[in-house]
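This report concerns only the one structure given below.
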Amino acid sequence: MGQTAPHVCGYLTERFSDDAFGSFAGYREAGGYETARHALNRMTPEEVIAVVKSSGLQGRGGASFPAGLKWSFMPTDDEGPSYLVCNADESEPGSFKDRLLMERGPHQLLEGLLIAAWAVGAETTFLYVRGEYAEAASVLARAIGEARAKGVLGPRALGSDFGHDVVLVRGAGAYICGEETGLLESLEGKKGQPRRKPPYPAQRGAFGRPTTVNNVETFCHVPHILKNGADWFRGIGTEQSPGTLLFGVSGHVVRPGLYELPLGTRLDEILFEYAGGVPGGRRVKGVIPGGISTPILPAGLLDVRMANEFLRERHTLLGTGGIMVMDETTCMVRVGCIASGFFRDESCGQCTQCREGTGWLDQLLHRLERGDGSDGDLALLGDVADKMEGGTICSFADAAAWPVQGLLRHFGDEFAGHVSARGCPLDQSFAL
Amino acid sequence: MVSTLVAQAPEATVLSDELRAAIDREIARFPEPRGALLAALRLVQDELGCIAPPTARAVAEIFGLHPAEVLEVLSFYNLFHTEPQGRHEVRVCTNLACSLRGARTLLRELEEHLGIRAGQTTPDGRVTLGHEECLGACGYAPMLRIGDRYHEELDGPAARALVDGLP
Ligand SMILES: Cc1cc2nc3c(=O)[nH]c(=O)nc-3n(C[C@H](O)[C@H](O)[C@H](O)COP(=O)(O)O)c2cc1C
Ligand code: SF4
Ligand code: FES
C-alpha cells in the first residue's frame, strides 16, 4: 500500500496513506457522509446541480465535459427508473488514478455517487469496474456492504426519503467498454460496441432508461465541492479549468507516480520539479501529456500549463492526465508502433474507417521501424491518420489517429530518417 | 472459429447447484437478466478454468440465448478463455509506460527462463505466459499480474523469483 501513495496530495488524496480513510468507521469519524446527509435531507436536486454547475467541475474521464450541465440533461418528468453509472473502466495507457481512488478512498467515491444520484434522481448506481481491477473491486464490495449495513445506502439513504443502492459490476477486459455507450452495452451483458448517438444516455441509457455516466475522479470531487462551496473550487486551478487533477507520471522520470496538483500547473514543473526530471542526466525528448491518445509534445514545448485551454494551442489535450515521459534514447517510431498495436487490437470493428485504419497505421509503422518503409509509406501514414478523424460512431478512431499525427508533426525528421537509413538510427542498446 | 464451435453442437455441461445459485443471485442484481451474463461467465470460468463450448451452451440455456450469442460475448472480452490455461497466468504489461522501463526485456527474460514464448503454457501446465495491455499501474513500472494480483516495480531477478515461487 505505502509504496503507491501519491507524491503530492490535495483534497482528494491527502488521507490516502491513512488506512482509516478506507474504512467506514474512519471515514465517518472524520466527518465523512455528512455532506451527503446534508444534500439528501436539506437540498433539492436542483440546488445540488446548481452548485456543481457553478463550480465549473469538468469530467475527468478524458473529454472534460461540464458535469453539472450533463446532470441537468436528465428528464425530470419521466416516470419509472433512471440510473447513474460510474465509469471505473480506466484503461487508457498512462492512466492509473481511478484505481488508486477506489483502492484508497472507496467511501469518498460512494459519497460522491450518492450526492450525484440524488441530483439526477437515479434509483440505482451501476459501478462498472475494469475487469482486471480485482483489488479495487474487493475494496468497493466491502465498502458497499458497510454502507448498506449502516443505512448510508438503502430504502432511506442517510435518514432521507431517498432510496438508493449501488450495484458493483465487473468488466471483462475490453478498452472500448470505457467509452460510455460501449460500457452501457457491456452492462446489459453484450459486446461493448459503442452506440450511435443520439439518443444520448440521458434520453436512453442503461436498459433503455435515462442514465448519467461520469468518471470515478469526477464523482470524487463532488463531496468536496458541496462541502466547501463552488467559489472555493473555482479558487483552485485555472479560470476555465477549476480544481485539482490527479496526474499520473510514468516513463523516464526519477519519481514516477501520482501527483494531485491544481489544473494549470506547468508541465515542465511537474516533470522537473515534482517528478525529479529524467534519470541518469539524460535529456527529455518528448512527453505525452494525457494518456496515449493525446498527441506528444517535444522537449521545446513543455512550458505549457496543464489545462485544455493551453494544451489546445499546442495541438494536444489534457485527456486523463496520464503524463508519459520519454528521454533522448527513445525511438519515436517505436512509440508509434506501441500505440498503433494497442489501437489495432482494441478497435471494436464496427466502423470501416477505424477497423481498417488502425490496421493500416500499425502495418505502416512497423514497416518503417523494420527499415522496409518508403517515402510513399510515410506520406500514406499521415494520410490514413487524417482520414480516420471524424465520422465514426465513437471517438476511438480519432484517439488512434492523434498520436500518429502528433509524432509526425514533431518528429517527422526521425520518421524520414528511418526511411533513408533503412532502419532505426538510434543506439539500439537503449531501445524500448 | 465461432461457427465451427457452434456447429459441433455439444451437449451442455451440467453446472453445479452452487454455481446455478450464484448465477441466480447475480441475475437478481440487474433490471434485466441478461445484465448478469458477464458476471455469470466469470463465475463459471473461476470454477471450471475456462468456458469451453459445452459450458457456453449451458450458460446460454440459463439466459435463454442462442449459444452463438454467448460465444460472441466470450470472444469480445480478453479475460474470457475458451480453452484451458496454465495453473497460473503470468501477464507482463508491455504498453508504453512499462516498455520505457524495461518491460519488453523482462518478458524476453521470462520467456527464456521458462523455455516458452509469450502466449504459450509450460509443458507441465504450471504457467501460461503472456503480455498484456496497460493495467493501470504505469507509475510503478515495469509490472506483471499473476492471476488477479499485481506485482509492481520489478526487475529480472524479482520477476524470475516470483515465477519460480509459483506452486
Ligand atoms: C475510446 C474511449 C475510451 C474511453 N475510456 C474511458 C475510461 O476508461 N474511463 C472513463 O471514465 N471515460 C472513458 N471515456 C470517456 C467516456 O466516454 C465518458 O465521456 C466519460 O465516462 C464521462 O465521464 P466524465 O464526464 O465524468 O469524464 C472513453 C471515451 C472513449 C471515446
Ligand atoms: S470508432 Fe472504432 S471503436 Fe468506435 S465504434 Fe467505430 S469501430 Fe468501434
Ligand atoms: S503501461 Fe504498463 S501498467 Fe500502464
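For this structure, a couple of remarks:
- Among the residues making up the range A:178-198, those that are outside any loop (DSSP other than H, G, I, E, B) and within 7 Å of ligand 1 (Cβ to nearest atom) are A:G178, A:E180.
- The requirement of being away from ligand 3 (no atom under 16 Å from the Cβ), within 14 Å of chain B (Cβ to nearest Cβ) and assigned to a strand (DSSP E or B) is satisfied by A:V167.
- First in the range B:139-167 and over 20 Å from B:N78 (Cα atoms), second anywhere and of a type in the set (F, W, Y) and in a loop (DSSP other than H, G, I, E, B), Cβ under 7 Å, 6 or more apart: B:G139/A:F96
- Test set (1) within 14 Å of chain A (Cβ to nearest Cβ); (2) under 15 Å from B:L166 (Cβ atoms); (3) out of contact with any Asp or Glu (no Cβ under 6 Å at 6 or more places or on another chain); (4) outside any loop (DSSP other than H, G, I, E, B) - B:R108 fails condition number: (2)
- Checking the range A:244-262 against the condition returns no match, with no residue being more than 16 Å from ligand 2 (Cβ to nearest atom), farther than 19 Å from B:R101 by Cα and assigned to a helix (DSSP H, G or I).
- Among the residues of the range A:110-157, those that are crowded, with 22+ Cβ neighbours inside 10 Å, in a loop (DSSP other than H, G, I, E, B) and within 13 Å of chain B (Cβ to nearest Cβ) comprise A:A122, A:R130, A:G131, A:E132, A:Y133.
- Matching residues, the range A:184-218, being within 11 Å of chain B (Cβ to nearest Cβ) and either free of Cβ contacts under 8 Å to residues at least 60 places away in the same chain or crowded, with 24+ Cβ neighbours inside 10 Å (or both): A:L184, A:E185, A:S186, A:L187, A:E188, A:G189, A:K190, A:G192, A:A206, A:G208
- Taken over the range A:373-391, the criterion of being touching a residue at least 24 places away in the same chain (Cβ under 8 Å), surrounded by fewer than 21 Cβ atoms within 10 Å (Cβ to Cβ) and assigned to a loop (DSSP other than H, G, I, E, B) is satisfied by A:S374, A:G391.
- Test: residue in the range B:90-103 that is more than 13 Å from every other protein chain (Cβ to nearest Cβ), within 25 Å of A:G336 (Cα to Cα) and either crowded, with 16+ Cβ neighbours inside 10 Å or modelled with pLDDT of 95 or more (or both): yes
- Pick from the range A:72-97, criterion of a type outside the set (D, E, K, R) and outside any loop (DSSP other than H, G, I, E, B), ranking: nearest to ligand 1 (Cβ to nearest atom): A:N87
- Against the list (1) within 21 Å of A:G243 (Cα to Cα); (2) among the hydrophobic types (A, V, I, L, M, F, W, C); (3) touching a residue at least 24 places away in the same chain (Cβ under 8 Å), the condition A:F24 fails is (1).
- Subset of the range A:67-81 [charged (D, E, K, R) and modelled with pLDDT of 95 or more]: A:K70
- Those residues of the range B:23-58 which are away from chain A (no Cβ under 11 Å), hydrophobic (A, V, I, L, M, F, W, C) and more than 14 Å from the chain's Cα centre (by Cα), in sequence order: B:I23, B:A56, B:A58
- Meets criteria (modelled with pLDDT of 95 or more, surrounded by fewer than 18 Cβ atoms within 10 Å (Cβ to Cβ) and away from chain A (no Cβ under 11 Å)) for B:E83: no
- Scanning the range B:135-151 for residues that are more than 10 Å from ligand 3 (Cβ to nearest atom) and either buried (at least 24 other Cβ atoms within 10 Å of the Cβ) or under 14 Å from B:L106 (Cβ atoms) (or both) yields B:I146, B:H151.
- Only one of the numbered conditions (1) surrounded by 15 or more Cβ atoms within 10 Å (Cβ to Cβ); (2) over 30 Å from A:A275 (Cβ atoms); (3) small (G, A, S) is not met by A:A25, and that is (1).
- Residue check, B:P157 surrounded by 14 or more Cβ atoms within 10 Å (Cβ to Cβ) and either part of a helix (DSSP H, G or I) or within 13 Å of chain A (Cβ to nearest Cβ) (or both): no
- Subset tally (residues that are free of Cβ contacts under 8 Å to residues at least 12 places away in the same chain and in a strand (DSSP E or B)) for the range A:325-355: 0
- Search result, residues across the range B:111-154 that are within 11 Å of chain A (Cβ to nearest Cβ), hydrophobic (A, V, I, L, M, F, W, C) and either away from ligand 1 (no atom under 16 Å from the Cβ) or under 10 Å from B:V90 (Cα atoms) (or both): B:A141, B:M143
- Extreme residue, nearest to ligand 3 (Cβ to nearest atom), among residues of the range A:71-94 that are within 16 Å of A:Y128 (Cβ to Cβ) and small (G, A, S): A:S91
The values are calculated or read from the model by the stated rules, or taken from the named source; none is laboratory data. Worth saying up front: this structure is predicted, and the values here are computed from it rather than measured. Using ideal geometry, Cβ is built from the backbone for each residue, glycine included, and neighbour counts are taken over all protein chains shown.
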